Structures are given as structure tokens and as C-alpha cells.
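Here is the structure we will look at.
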Amino acid sequence: LCLLVFGKARSRHLVFPIFFCLFLYPWDTLVESLVGFHLRLLSTFMAYGGLKILGLSVSISGTLIETKGGLIDVAPACSGLTTLKTLFFAGAIAAYLFQGSRRRKGLLWASTVPLAVILNTFRIVLVGVVAGFFGQEAAASFFHQVSGLLFFGIGLLLLYWEAALLRRC
């Protein structure tokens, strides 16, 4: 429709805003059903490995991690899907505003997916460490809520750092 009304030259400036409107659609149920459970399993497995590397006594069963301080249930809300969606959104804006080649813009935007998964894994590991040393009550209370916001801020800083690094290269 834009091509018909505005022509090719003016329509190319509207590609990103039209594409960006796709973020307005509530994709939660579709994305959750396609990748949510797999993302939970991946995050659980990676967090289990991280806790083992730290030398903590842990065991895993599905999406449950058992520490000496209690159980960590990587629930659907803890799958990292929210972090993934918001970093993907922020990455799209960063890539659009980035002054560089399309390849670098695409790399910047695509990097938000592994970044979100890794950050969510670190968050679960940190919750596991707190549960292991201070008990499940300490991990599930205030710390769990604050860690989500903290790791999202870290994700934005890492995205900015990556853009600065790509700009130099």
C-alpha cells in the first residue's frame, strides 16, 4: 500500500517503522508455545552447569534445580522470554540507529538473542547461589525481583558496549 501511495523512493523510509509495528502485536502465546519450554530447559541446563562449575552441590530434574538451600523452579516466567523480547526490541532500535553497514546492524540485532539467554542463565545461577548460601526464602524474595531489573540494565549496557565496539572495527 505504501508503494502504491508514496512510491518506491519514499516507501523505503517506512520499512523500519512498519516492521517495528510488529512489536506491538502480543506474540506471547505464539512465542511461548514455540520456544518457551525449550528456552526454560536450556536456561535450566546452563544454570545447572554454572552452579556445578562454582562447586555447589546441585541436582537437576526437568526445569527444577535442587540446591542444599532448596528447590529452584525455572517457571515459565523465569524462562528468559521477557528479557529476550525486551532486548530484541531494544536491539532493533539500536541497530536502526547504528551508523554502520547492514551486516553490522544485523549482527548487533541478532546478538540480542544469545545475550538474553546468557543473562537469564547468570540470573538463575545467582539465584541458585543465594539459595545455596542463604536459603530459598532469601533467593525467592526481594533478590529475585531486583535481579531481573538489574540484569536487564546489564543487558542494555552490554548492547551499548557492543555497538561501540562494532563502530571502532
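The values are calculated or read from the model by the stated rules, or taken from the named source; none is laboratory data. Note that the structure is a prediction, hence the values are computed from the model and not measured. Cβ sites come from the backbone with ideal geometry, for glycine too, and all protein chains shown count toward neighbours. Each accessible area value is taken on the protein alone, full model and side chains, heavy atoms only, with ligands, DNA and RNA left out. Shrake-Rupley method; radii C 1.70, N 1.55, O 1.52, S 1.80 Å.
With a Förster radius of 45 Å, plug the Cβ-Cβ distance of LEU30 and PHE133 into 1/(1 + (r/R0)^6) and report the FRET value to the nearest 0.05.
On the way: r = 39 Å, r/R0 = 0.87.
Calculated transfer efficiency: 0.70.
Split the accessible area of the range 72-169 by element, probe 1.4 Å, and carbon with sulfur accounts for 72%.
When the chymotrypsin sites (Phe, Trp or Tyr not before Pro) in the range 1-46 are filtered for DSSP coil states and for at most 13 other beta-carbon atoms within 10 Å of their beta-carbon, the remaining sites are TRP27. Note on the chain: Rg/Rh from C-alpha atoms, Kirkwood Rh, equals 1.09.
A 1.4 Å probe run over the protein chains yields, for the chain, 64 Å² of accessible area per residue, whole-number rounding.
For the range 17-104, the calculated P(r), taken from all Cα-Cα distances in 5 Å bins from zero up to the bin holding the longest distance, is 3, 12, 18, 16, 14, 12, 11, 8, 5, 2, 0 percent.
Count Lys and Arg as plus one, Asp and Glu as minus one, and take only other residues whose Cβ is under 15 Å from that of PHE19; the net charge is then +3.
For the chain, a Gaussian network of Cα nodes joined below 10 Å ranks SER61, SER11, SER111 by mean-square fluctuation, and the top entry is SER11. For the range 1-71 versus the range 89-124, the inter-centroid distance based on Cα atoms is 12 Å.
Helices meeting the span-like rule in the chain (full DSSP H runs, Cα extent of at least 20 Å along the helix axis, mean Kyte-Doolittle score of -1.0 or higher): 37-53, 81-97, 112-134, 142-168.
Amide H contacts of ILE72: ILE65, GLU66, THR67, each under 5 Å away and 5 or more positions distant or on a separate chain (H built 1.01 Å from N in the peptide plane; Pro and chain starts excluded).
When you have a sec, figure out the Kirkwood radius of the range 55-123 from all distinct Cα pair distances and drop it here in Å to one decimal?
Values: mean 1/r = 0.0719 Å⁻¹.
Hydrodynamic radius (Kirkwood, Cα only) of the range 55-123 equals 13.9 Å.
Taking every alpha-carbon pair under 8 Å whose residues sit at least 6 apart, the chain reaches a relative contact order of 22 percent.
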